[in-house]
Amino acid sequence: MLLKDRTVFITGATSGFGLECAKLCVAQGARVIITGRRADRLKALAAELKGAEVHTLCFDVRDKVAVEKAIASLPAAFAKVDILINNAGLALDLSSFENVKMADAEQMVETNIMGLMYCTHALLPTMVERAKDSRTGGHIVNIGSTAGNYPYPGGNVYGATKAFVKQFSLNLRSDLYGKNVRVTNIEPGMAETEFSLVRFGGDQQKSDSVYKGLTPLSAQDVAETILWCICRPRHVNINRVELMPTEQACGPFVLSRKA
Ligand code: NDP
Ligand code: 8X3
């Protein structure tokens, strides 16, 4: 029971990494706040985790007021958040930027950057305050991506949002140095979740083709990595973890030659 008496707040717990993280944290005895926009999914997960200390919050991370209201509404038993897992995020489309819909680009920025900032800003003051006298301290785990480290065609705005997440994590670490709050950026490569289904607007065939013929990371692989980071001893801060499927690697530079 590595997380007994710890309260974990997970954004985007209705599928993928967030959902697996919720299960692993509960298995380690944590009190867990699961969040997302799909109320039915939150209800189903809470039912599945029956018996555990679970609280659901349904809100859109892009809505600053909704984020603040949701966090202010936490009952006393869940209000002292020790660990924030900023996982909610998405990619939309895989087109060259001249063909990208501005609304899609805006949604990625609003979710992956603004939403992550809103949740962090709303929870951090009390986390810092409590960490002063706490044996265990606080921890912010952000979900970045290899897309924030390496470019690929069509990764334009999505990759840039994840580069923000990486630098924001490193800067938070500088702000929080000496305050007993750890910061980690998790940077996964290709993982099979609902990520590609969302990216391709619900096109299951297109989504399946992303993972065809190789073994991608699973949500559990990533959740286990997150749990490992959280469960290191207090004096250990894992700054960044980059993980990829064995069958994924960076390609060479491309060259555009004249005929
Ligand atoms: P999923 O699509 O399976 O899960 C995404 C989660 O984010 C859902 O729970 C969704 O909940 C939530 N979410 C999306 N938009 C919002 C919003 N506006 N407000 C609140 N919640 C929101 O994908 P993954 O589990 O793969 O993705 C999790 C994170 O990991 C993302 O940040 C993604 O960018 C990142 N990532 C994914 C990789 C992959 O290959 N799968 C690799 C590297 C990073 P709901 O729809 O109910 O709101
Ligand atoms: C998700 C991984 O390579 O599809 O962040 O961008 S990738």
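The values are calculated or read from the model by the stated rules, or taken from the named source; none is laboratory data. The model shown is predicted, which means the values in this text are computed figures rather than measured ones. We place every Cβ from the backbone using ideal geometry, glycine too, and count neighbours over all the protein chains shown.
Select from the stretch 20-49 the residues that are crowded, with 24+ Cβ neighbours inside 10 Å and either out of contact with any strand residue (DSSP E or B) (no Cβ under 9 Å at 6 or more places or on another chain) or not polar (S, T, N, Q) (or both) and list them in ascending order.
CYS21, ALA22, CYS25, ALA30, VAL32, ILE33, ILE34, GLY36
Show the residue pairs that are 6+ apart or on different chains and have beta-carbon atoms under 8 Å apart, the first residue being within the stretch 115-131 and more than 17 Å from TYR177 (Cβ to Cβ), the second being surrounded by fewer than 20 Cβ atoms within 10 Å (Cβ to Cβ) and among the aliphatic types (A, V, I, L, M).
THR126/ALA79
Could you identify the single residue in ARG234, ARG182 that is away from ligand 1 (no atom under 14 Å from the Cβ), of a type outside the set (A, V, I, L, M) and buried (at least 20 other Cβ atoms within 10 Å of the Cβ)?
Sole residue among the options that is away from ligand 1 (no atom under 14 Å from the Cβ), of a type outside the set (A, V, I, L, M) and buried (at least 20 other Cβ atoms within 10 Å of the Cβ): ARG182.
Can you name every residue in the stretch 145-164 that is closer than 23 Å to GLY251 by Cβ and either of a type in the set (Val, Ile, Thr) or part of a helix (DSSP H, G or I) (or both)?
THR146, ALA147, GLY148, ASN156, VAL157, TYR158, GLY159, ALA160, THR161, LYS162, ALA163
Show me the helices (runs of 4 or more DSSP H) found entirely inside the stretch 1-83 where at least 1 residues are within 13 Å of ligand 1 (Cβ to nearest atom), at pLDDT 95 or above and of a type in the set (Val, Ile, Thr).
Hits in the stretch 1-83: 64-72.
Restricting attention to the stretch 216-254, which residues are of a type in the set (A, V, I, L, M), at pLDDT 95 or above, in a loop (DSSP other than H, G, I, E, B) and under 21 Å from TYR152 (Cα atoms)?
MET244, ALA249
Taking only pairs six or more apart or across chains, which ones have beta-carbon atoms under 6 Å, a first residue in the stretch 57-83 that is under 18 Å from ALA13 (Cβ atoms) and of a type outside the set (Ser, Thr, Tyr), and a second residue that is more than 16 Å from ligand 1 (Cβ to nearest atom) and part of a loop (DSSP other than H, G, I, E, B)?
ASP82/ARG6
Pairs under 7 Å by beta carbon, first residue of a type in the set (Val, Ile, Thr) in the stretch 186-214, partner part of a helix (DSSP H, G or I) and within 13 Å of ligand 1 (Cβ to nearest atom), six or more apart or different chains?
Once the first residue is of a type in the set (Val, Ile, Thr) and sits in the stretch 186-214, its partners that are part of a helix (DSSP H, G or I) and within 13 Å of ligand 1 (Cβ to nearest atom) give ILE186/VAL222; ILE186/THR225; ILE186/ILE226; THR193/GLY16; THR193/PHE17; THR193/ALA219; VAL210/SER196.
What about TYR177, is it aromatic (Phe, Trp, Tyr) and under 22 Å from ASP60 (Cβ atoms)?
no
Tell me, yes or no, whether the stretch 132-144 has at least one residue that is assigned to a helix (DSSP H, G or I) and modelled with pLDDT of 95 or more.
no
Provide a single number: the residues in the stretch 86-114 that are within 16 Å of ligand 2 (Cβ to nearest atom) and either without any contact (Cβ under 8 Å) to a residue 60 or more places away in the chain or crowded, with 21+ Cβ neighbours inside 10 Å (or both).
Residues that pass the stated criteria total 15.
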